[in-house]
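Enquirer: I'd like to ask some things about the structure below.
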Amino acid sequence: MRMFCTFVCLLALAAPSFAADAKLKALIVDGQNNHGVWPKTTQMMKADLIETGLFTVDVATTEPKSTEGFAPQFKDYDVVISNYNGQSWPKATQEAFVEYVKNGGGFVVIHAADNAFGNWEQYNRMIGLGGWGGRNEKSGPYVYYGQEGEVVRNTDPGSGGHHGAQHPFQIVVRDAEHPITKGMPKAWMHSQDELYDLLRGPGENMHILATAYAEPGKGGSGRHEPMLMTIQYGDGRVFHTPMGHAEYSMECVGFITTLCRGAEWAATGAVTQPIPDDFPTATEESKRMAK
C-alpha cells in the first residue's frame, strides 16, 4: 500500500510538468494569394510563432489553381492563421471551418485574408470587416473611429477596401487593457505597409483594439481605421489585423508581437508573452530582418 501511494503521489507531482510542456497547435493556411510574396510571409510567420516557444506550426497549402480536395483537419488545432486569398474552398471544408470556429477554435486573419471570400456570409461574420471581393453596402457598414474618438458605423453606399501609397504609419492603441495590447505603448510606429481603409462588413461582436490614421496626403481616407480587432464568433475567438502586406511589413517588431500575442489569445483567451524590449516607440520603427 505504501509503495502504491508513493507511486500515485509521484505521478500527481509530475502531472503539471507534462501540462506545462504542452504546446499550442497552430495551422497556417495558404496556397493562393494576390500577394506573390505569400510563400515567404507564411514561413516568416511560422518562424515567429515557433520562436515564442509556445507553438508547433503546420502549413496547409492549396493547389495554385484549384482547391479541390483541400480539407485540413481544423479540429486538430488550437488556432488557424489565414494567409489565403483565392478560390472558394469546397463546401464541406467551409462547413468544417465554420463548425471549428463556432465551437471554440481560434482564428487569426492577416492582411489579404480579409479580402477573401466576399460572398461567404459566415466568413464575413468571423472577420468582422473586409475589403474588395465584391463587398459593398450589402456587406455591412464602414467602421472606423470618428473625430471625437467614437466608433462610427457608416452605412453610405460604396465598395469596400482601399489603400493609399505604402508608408510607415503610427498605430494608436484604443484598448490598453486587452490581453493582446496590454503593456504596449499608447502609440507605436509600424513599418512600411498598405494602410487598409474603407473596410466594411457585419462588424458583429467586434472590438477595435487599435487604429491608424489614413492620411489624405498618402491617398488615405482621412479617418482612423481599425488595425487590430477581435471578434467573438460563437464560442470562437478571432484576431484580425489588416497589416502584413509584404516581408518588410512583417519584419516590424510590432507586427511580430501582435501576430504572436493575437494567436495565443485566439487559442486560449489569455496572453503570457511579454512586450519585447525592442518594441517600436511612438516615433521610431523597430525591425527584425527575416532570415
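Read-outs throughout are calculated quantities, based only on the coordinates presented, and are distinct from any laboratory measurement. On a predicted model such as this, the values are computed, not experimentally measured, just so you know. When we count neighbours, we look across all protein chains shown, and the Cβ atoms used for this are built from the backbone with ideal geometry, even at glycine.
Rundown of residues vs (1) hydrophobic (A, V, I, L, M, F, W, C); (2) assigned to a strand (DSSP E or B); (3) touching a strand residue (DSSP E or B) at 6+ places or on another chain (Cβ under 6 Å), yes/no style:
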{"position": "89", "(1), (2), (3)": "yes, no, no"}
{"position": "95", "(1), (2), (3)": "no, no, no"}
{"position": "113", "(1), (2), (3)": "yes, no, yes"}
{"position": "122", "(1), (2), (3)": "no, no, no"}
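Enquirer: List every residue pair whose Cβ atoms sit under 7 Å apart, with the two residues 6 or more apart in sequence or on different chains, where the first one lies in the stretch 135-153 and is of a type in the set (D, E, K, R) and the second, anywhere, is assigned to a strand (DSSP E or B) and surrounded by 11 or more Cβ atoms within 10 Å (Cβ to Cβ).
Expert: 135/200; 153/143
Enquirer: Also, I was wondering about something else. Which one of these is touching an Asp or Glu at 6+ places or on another chain (Cβ under 7 Å) and among the small types (Gly, Ala, Ser): 220, 236, 254?
Expert: Within the list 220, 236, 254, the selection yields 220.
Enquirer: Okay, next question. What strands (runs of 3 or more DSSP E) lie completely within the stretch 139-195 and have 2 or more residues being under 20 Å from the mean Cα position of the chain (by Cα)?
Expert: Hits in the stretch 139-195: 142-145, 167-173, 187-193.
Enquirer: Oh, and also: Is it fair to say residue 85 is surrounded by fewer than 17 Cβ atoms within 10 Å (Cβ to Cβ) and under 20 Å from residue 119 (Cα atoms)?
Expert: no
Enquirer: So, in the stretch 137-157, how many residues would count as being among the β-branched types (Val, Ile, Thr) and buried (at least 17 other Cβ atoms within 10 Å of the Cβ)?
Expert: Initially, the stretch 137-157 is screened for residues among the β-branched types (Val, Ile, Thr), giving 143, 151-152, 155.
From what's left, buried (at least 17 other Cβ atoms within 10 Å of the Cβ): 143.
Residues meeting the conditions: 1.
Enquirer: Which residues, taken from the stretch 255-269, are crowded, with 17+ Cβ neighbours inside 10 Å and out of contact with any Phe, Trp or Tyr (no Cβ under 9 Å at 6 or more places or on another chain)? So that I can check it myself, show each step before the final result.
Expert: Start the filter on the stretch 255-269 by keeping residues that are crowded, with 17+ Cβ neighbours inside 10 Å, which leaves 255-267.
Hits for the stretch 255-269 are 255, 256.
Enquirer: Shifting gears a bit: Here's a check for you: in the stretch 66-82, which residue that is part of a helix (DSSP H, G or I) and out of contact with any Lys or Arg (no Cβ under 8 Å at 6 or more places or on another chain) is surrounded by the most Cβ atoms within 10 Å (Cβ to Cβ)?
Expert: Filtering the stretch 66-82 for residues that are part of a helix (DSSP H, G or I) and out of contact with any Lys or Arg (no Cβ under 8 Å at 6 or more places or on another chain), the one surrounded by the most Cβ atoms within 10 Å (Cβ to Cβ) comes out as 74.
Enquirer: Determine which member of the set 283, 272 is surrounded by fewer than 23 Cβ atoms within 10 Å (Cβ to Cβ), polar (S, T, N, Q) and over 17 Å from residue 170 (Cα atoms).
Expert: On the way: 283 fails: over 17 Å from residue 170 (Cα atoms).
Exactly one of 283, 272 is surrounded by fewer than 23 Cβ atoms within 10 Å (Cβ to Cβ), polar (S, T, N, Q) and over 17 Å from residue 170 (Cα atoms), namely 272.
Enquirer: Checking residue 252 against (1) in contact with a helix residue (DSSP H, G or I) (Cβ under 6 Å, 6 or more places away or on another chain); (2) surrounded by 17 or more Cβ atoms within 10 Å (Cβ to Cβ), which test does it fail?
Expert: (1)
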